[in-house]
Amino acid sequence: MWMDSKAEMEWASRTRASFSRRVSNALLLFTGDMEYLDKFMQDKWFVLQLAVWGLRGVSRVILANNPLSGALILAALYWDSPWQGLLGTVGVLASTLTAVITGQDSGEVAGGLHGFNGMLVSLLMGVFSSAGDWYWWLLLPACLGSATCIFLYSGLATFLQHWDLPAAVFPFNTVIVLYLLCTGPNNPYFPHYPTVPPGELEHNGTELAALTVLGGIPLGVGQIFACGALKPSFLILGAVVLYSPLLAVHALLGSAVGILAGLSVAVRHQSLYSGLSGFNGALGCMAVGGLFFTFNWRTHLFAITSAFLSAYADIALSNMLGALGLPACSWAATLTATLMLLLSGNLATYRIPIGQVKAPEHNLRSRSQWEAGNTLDAESTDV
Amino acid sequence: MWMDSKAEMEWASRTRASFSRRVSNALLLFTGDMEYLDKFMQDKWFVLQLAVWGLRGVSRVILANNPLSGALILAALYWDSPWQGLLGTVGVLASTLTAVITGQDSGEVAGGLHGFNGMLVSLLMGVFSSAGDWYWWLLLPACLGSATCIFLYSGLATFLQHWDLPAAVFPFNTVIVLYLLCTGPNNPYFPHYPTVPPGELEHNGTELAALTVLGGIPLGVGQIFACGALKPSFLILGAVVLYSPLLAVHALLGSAVGILAGLSVAVRHQSLYSGLSGFNGALGCMAVGGLFFTFNWRTHLFAITSAFLSAYADIALSNMLGALGLPACSWAATLTATLMLLLSGNLATYRIPIGQVKAPEHNLRSRSQWEAGNTLDAESTDV
Amino acid sequence: MWMDSKAEMEWASRTRASFSRRVSNALLLFTGDMEYLDKFMQDKWFVLQLAVWGLRGVSRVILANNPLSGALILAALYWDSPWQGLLGTVGVLASTLTAVITGQDSGEVAGGLHGFNGMLVSLLMGVFSSAGDWYWWLLLPACLGSATCIFLYSGLATFLQHWDLPAAVFPFNTVIVLYLLCTGPNNPYFPHYPTVPPGELEHNGTELAALTVLGGIPLGVGQIFACGALKPSFLILGAVVLYSPLLAVHALLGSAVGILAGLSVAVRHQSLYSGLSGFNGALGCMAVGGLFFTFNWRTHLFAITSAFLSAYADIALSNMLGALGLPACSWAATLTATLMLLLSGNLATYRIPIGQVKAPEHNLRSRSQWEAGNTLDAESTDV
């Protein structure tokens, strides 16, 4: 035998290294945007394709784009409430199918861009309905409302593309408000709970429970899917980590900022505990911190600013719409993110064109080479 | 005599044919857009020109463009209520004259594009006024409000032309809401009735009268001119048939869809009986079915969708604005039609540029030759 | 001596003429836009530069652009109430510094374009606060609100530049409404007075005091800075005269028009007396009469129209927002001025591109040479 022990050890270590590299490669396969999947699915059955499009759509709600994240999120929703899970599934399928039927761009459909608004409409209809779970008639407005999102999405996209802005969740926000206005709290067919604005005064001046408020931070991430339970919220957070850890950090950060903003203007305690104070901040923070802009310390500061703006705007809009018995949904975060995308000055230099938005880590890598030149430009336009 | 009886009969039949052709030609002269009239009127008195521009403006309210239709509609309004007829006449003249004075494009003025918003403002001021008929002071806000429409129309047209969108009845909807907000129900000079939202609960649970609801379908067409009487509504429908039978069919269809939508969310019965549930559906259906898009079975389905969207949006907006004591007018149909014009996908392939919109039958004829190529394109962009 | 008395007198008169020319030149130095100052300040200390930028920002509120006018206005505010003066100073500095930090265009910052919205937000927070003067905690939202204006200004400017429209005071109007919605009347930290809509009925039918109404005309100019005292209002008017007498005339004219409009729909007397009826009219009139359009009798008529539209729209919006306990601020004038800038027809021919807007007198001079050709164009597009 000519192989000595040293060579043997080297071989063993090399094998181990190659194994761990393979594992990490396999892990990397399931993180980020999983773009290779699109090519792989091209000649598969329509039902399989639809499933992937739908799961991408589910993850799009929380600004991710990964079918596995979508599956995890869907599992979290079914875990929290099977009826809500069903509504979400119906919503995402109804709107994706409507997009196929009305001939929307196939790339957009495959990217899940026509699923997330419908899913949100469906989920929120379930949350606001006062007819109880498994009220099957609710599937009718859920399907129609989800389908309507496609019309709004397509029209808005045409309108906004001049500024390279995404239609985002404007369609969901519009449709759910119109649905709630159509039916009203006492509707004989589709009754729903009236909304309590966060500025409403509390009858008994209870003490603020600090620990429960801390629980509101992960709940703020869950509330993006109208999910108010702690464990499913952590699963949803896990789904975001799978797509991009950086995005997950910003989600938690934004949710915390939202709770701070709520404390500063003394909103109802229930609003802090349930995570409703945090979810707009989370969305506003995620959009700026890494997704639509290359991540660095400057965009990170802008992301925190965006979280504060989203959170305060949400309190304001909730109080205004609450006077009409309506929820503010994610109007605040959507408007704030749109505003940040329109901004000139420092932030604009880090803007990623909408068509090239990928997972934050991917954005960072693809941009890092030509970053140096850009920061120079940014410096020279400074006052 | 060399002419035998067979030749005689042939000659007679040819004469009859030529006579009926002449009659049908004469009839065709008065249908559609009557474009030849513009050349004929060019060197006539200004008062005559103004009359034709005004009558075109009257017909523009219901998406037609034919002075004879306008005359029929004006007759219907005078038949229903001479005071309303007078207000309509004053409104259309005030806004057309303002357009001339402020130097708007002469082609647009001649096409009646600066008359319809003013007419609607004037009519609705009369309908909402609680000071009774022949309250002459009302002519002052009627004239000023109609004139204001020109400013809004011109400004909005500049804003929207980037997307090739029409200013439509946005000016009317804005001005009437501002007028009602300015004066309020208890104004000492210009009092008006408060609006009852359609979602308001009925005090006594009366049975729905099926026949009266059916009467709401033609009334929905009349309500486009704020006319709530059955016979004048049929005359208005006749005026639309004169311009384009296809448009009239879509008006009735849309009105019926609007009533269906109203039934599905249990609006007040009075809202169904009076045709107020139907008129937004009618407008939404007419805009898509043949006017802004070439008519075919696809656009026909989109027209029905548009009618449903308009009708539901109208219920939602009526409930929201009703909380402030305001009517929703035709906001819903105007917004929905604008959305449909922005849509990408299948529908966009049938879109007719705003500058080339004519009567649906004319649109159909001028497009039919290059239709084949277009559907192919539409097919290839399908998913 | 060879110099006779005639030559002596000539010399004396020449000296006098040269002296008066020098005085008038020195006066001219301090009127208009004082553009030479920018070059002079370029290499000075940052604090001095910031002071000039801030003072320009103060004068920008009333559509002027002159640091001396700004200083006079600031003096008037401190005269009326030192606390309000301090708030204004803090607001203009906070927003200008935010613009510097976020890397906004240095030319815009130097022109004071990033100061006026912040100042208004800060001033209005003080006016609406029911916590009394010298409530130091108020500086916190004042600074944050002023900083937020920069984000809205920058985003809106990008959005509106397609139509060559200015972001104007949209940011201020948005931020102040959001702030008031966030806190609400009974907020424990930042309480504020509820707003009384101008259409509210008066309990006792008091007679209108004609003289007090006349006093509302100059107060309408002061109310642009939320200043309700007569003498400081005259000082503010003086500051406008220093920048441009033509603008000052339009300010008074617009304020008078606003009071006329208020009388015509019977608003509360208090609204007329305090100048709140007039300030939107004043702003609407100033924007069209000489600032964004070359001054002549046509644009003068359009300026009066704009004043009426602004005033009526203000009454309407005040009634609507008042139902939610919110003020209408200068939404009406801002929207109306934006509409006038979008107008086609006669008015459009006199439009000055946003980048070249200077003091009305300067606009007049620089345009007068090529006016002839333009009016010809305007004539030929008339109907």
Problem set entry | Neighbouring partner chain Cβ atoms per residue of B:175-188, average, 10 Å criterion | 6
Problem set entry | Copies compared at C:Met41 - label distances in nm, ascending, label defined 7 Å from Cα in the Cβ direction | 5.7, 5.7
Exercise. According to the square roots a ≥ b ≥ c of the eigenvalues of the Cα gyration tensor, what is the shape class of the stretch C:149-236, taking rounded for a/c under 1.5, prolate for a/b larger than b/c otherwise, and oblate for the remainder?
Worked result: oblate
Exercise. In debye to the nearest 20, how big a dipole does chain A give about its Cα centre with +1 on each Lys and Arg Cβ and -1 on each Asp and Glu Cβ?
Worked result: 520 debye
Exercise. What are the residues whose amide H is under 5 Å from the amide H of C:Phe293, where those residues sit 5 or more places off or on another chain and H is modelled from the backbone?
Worked result: C:Ile352
Exercise. Is any helix in chain A, taking whole DSSP H runs, at least 30 angstrom long along its axis by alpha carbon and on average at least 0.0 on the Kyte-Doolittle scale, and which ones?
Worked result: A:139-160, A:297-322
Problem set entry | Global geometry of the stretch A:58-118, whether rounded, prolate or oblate, following the gyration tensor of its Cα atoms and the 1.5 cut on a/c | oblate
Seminar exercise, completed: The pairs in C:Lys44/C:Lys358; A:Lys44/A:Lys358; A:Lys39/A:Lys231; C:Lys44/C:Lys231; B:Lys44/B:Lys231 lying past 28 Å Cα-Cα in this model are A:Lys39/A:Lys231; C:Lys44/C:Lys231; B:Lys44/B:Lys231
For this session: Take the alpha carbon gyration tensor of the stretch A:165-295, find the square roots of its eigenvalues, order them as a ≥ b ≥ c, and report rounded if a/c is under 1.5; if not, report prolate when a/b exceeds b/c, else oblate.
Result: oblate
Exercise. Between chain C and chain A, with a rotation axis joining them, whose C-beta in C is nearest that axis, and what is the whole-Å distance?
Worked result: C:His162, 4
Problem set entry | Spin-label pair C:Phe234/C:Ser20, simplified geometry with 7 Å Cα→Cβ offset, distance in nm | 2.7 nm
Exercise. Sorted from shortest, what are the nm distances separating the label point of B:Pro245 from equivalent points in the other copies, each placed 7 Å from Cα along Cα to C-beta?
Worked result: 7.2, 7.2
Problem set entry | Length released on extending from C:Ala209 to C:His162, taking residue separation times 0.36 nm less the Cα-Cα span | 12.2 nm
Problem set entry | Separation of the B:Val47 and C:Tyr193 label points, Cα + 7 Å toward Cβ, nm | 5.7 nm
Exercise. Which of A:Leu72, A:Leu214, A:Leu246 moves most in a GNM of chain A, Cα contacts under 10 Å?
Worked result: A:Leu214
For this session: Kindly rank A:353-362, C:274-283, A:330-339 from highest to lowest mean number of other beta carbons found within 10 Å of each residue.
Result: C:274-283, A:330-339, A:353-362
Seminar exercise, completed: Only helices counted: for the protein assembly as shown, with every DSSP H run of 4 or more residues adding -39500 (n - 2.57) and the sum spread over all residues, [θ] at 222 nm is -21500 deg cm²/dmol
Exercise. Which semi-axis lengths, in whole Å and largest first, follow from the square roots of five times the eigenvalues of the Cα gyration tensor of the stretch A:94-138?
Worked result: 27, 10, 6
For this session: Once you have the Kirkwood Rh of the stretch A:31-92 from its Cα pairs, apply Stokes-Einstein at 20 °C and 1.002 mPa s and quote D in µm²/s.
Result: 180 µm²/s
Exercise. If packing is taken as the mean number of other Cβ atoms within 10 Å per residue, what is the order of C:215-221, B:155-161, B:299-305, highest first?
Worked result: C:215-221, B:299-305, B:155-161
Exercise. How large is the dipole of the protein assembly as shown about the Cα centre if only Lys and Arg carry +1 and Asp and Glu carry -1, each at its Cβ, rounded to the nearest 20 debye?
Worked result: 520 debye
Exercise. Average partner chain C-beta neighbours within 10 Å, per residue of C:299-306?
Worked result: 1
Problem set entry | the stretch A:146-188: translational diffusion in µm²/s, Stokes-Einstein, Kirkwood Rh over Cα pairs, 4 °C, 1.567 mPa s | 115 µm²/s
Exercise. Once all Cα-Cα distances of the protein assembly as shown are split into 10 Å bins that start at 0, what whole-number percent is in each one?
Worked result: 2, 9, 17, 21, 21, 15, 8, 3, 2, 1, 1, 0, 0, 0
Exercise. Build a GNM of chain B with springs between Cα atoms under 10 Å: which of B:His269, B:His162, B:His192 gets the top mean-square fluctuation?
Worked result: B:His162
Seminar exercise, completed: Across B:Thr15, B:Thr183, B:Thr206, the residue with the highest GNM fluctuation in chain B (Cα network, 10 Å cutoff) is B:Thr15
Problem set entry | Environment charge of C:Ala99, counting only residues whose C-beta is closer than 9 Å and scoring Lys/Arg +1, Asp/Glu -1 | -2
Seminar exercise, completed: Averaged over the residues of C:100-109, the number of partner chain Cβ atoms within 10 Å of each residue's own Cβ comes to 5
For this session: Arrange the following residues from fewest to most other Cβ atoms within 10 Å of their Cβ: C:Ser69, B:Ser20.
Result: B:Ser20, C:Ser69
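Just so you know, all these numbers are worked out from the coordinates, no wet-lab data involved. Small disclaimer: the values here were computed from a predicted structure and weren't measured. Note that each Cβ is placed from the backbone with ideal geometry, even for glycine, and that neighbours are counted across all protein chains shown.
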